[in-house]
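The values are calculated or read from the model by the stated rules, or taken from the named source; none is laboratory data. Note that the structure is predicted; figures quoted are calculated from it, not measured. Quick reminder, even Gly has a Cβ in these numbers, built from the backbone with ideal geometry, and neighbours come from all protein chains shown. The accessibility values were calculated without ligands, DNA or RNA, using every heavy atom of the protein model including side chains. Shrake-Rupley method; radii C 1.70, N 1.55, O 1.52, S 1.80 Å.
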Amino acid sequence: MAAVTLNVNGRSYSLDADPDSPLLYVLMDDLQLNGPKFGCGLSQCGACTVLLDGEPIRSCQTAVSDAVDHKVVTIEGLGTVDNPHPIQKAFMDQQAIHCGQCVSGPMLYGKAFIDQNPNATPDQIVGALSGLLCRCYAHTRMVKALVVYAQGVKA
């Protein structure tokens, strides 16, 4: 164990953790965050996605030590219940969340992609989501939500 300081969702946290421990475990177990989920543990599904300095990463395969001196954002850090981020609102309006197991992946990969490519086409958005798995088959609604979000980014 070692003293580790993480910046998560705009707050600084000091804790004792194994530097090689997956970031996901610290987010879930130590910080009690529910957005990133354990899906496969092999970096194949995307349920554990977080943003690291604005770029989506798989936190199940990212060591805590790799997040030190970086900004980590989970879906909880995007907005609040009373003031959701536009991408969260789009997902809610399009009923794209369903069970919630995988939502961190599509929401955060989609946000990062659209923020860098505000004129993305639906086909490009689908391509940006490749490699993410959804077990309740909400992909169509997720793509619709991301198209709505992209329209707002362009405005």
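A few remarks follow.
- Residue that is surrounded by the most Cβ atoms within 10 Å (Cβ to Cβ), among those in region 35-66 that are among the polar types (S, T, N, Q), at pLDDT 95 or above and farther than 18 Å from Leu15 by Cβ: Thr49
- Beta carbons closer than 7 Å, at least 6 apart along the sequence or on distinct chains, pair a first residue in region 115-135 that is farther than 19 Å from Val103 by Cα with a second that is open to solvent by less than 50 Å² (accessible area, probe 1.4 Å) for Pro118/Ala150; Ala120/Ile114; Ala120/Ala150.
- Qualifying residue in region 47-61 (condition: charged (D, E, K, R) and in contact with a Leu (Cβ under 9 Å, 6 or more places away or on another chain)): yes
- Listing of helices (runs of 4 or more DSSP H) fully contained in region 68-154 that carry 2 or more residues being farther than 17 Å from Asp53 by Cα and open to solvent by less than 40 Å² (accessible area, probe 1.4 Å): 86-93, 122-128, 139-154
- Pairs, first farther than 18 Å from Val126 by Cα in region 78-105, second at pLDDT below 95, C-beta under 6 Å, six or more apart: Pro86/Gly152; His98/Cys136; His98/Ala138; Cys99/Cys136
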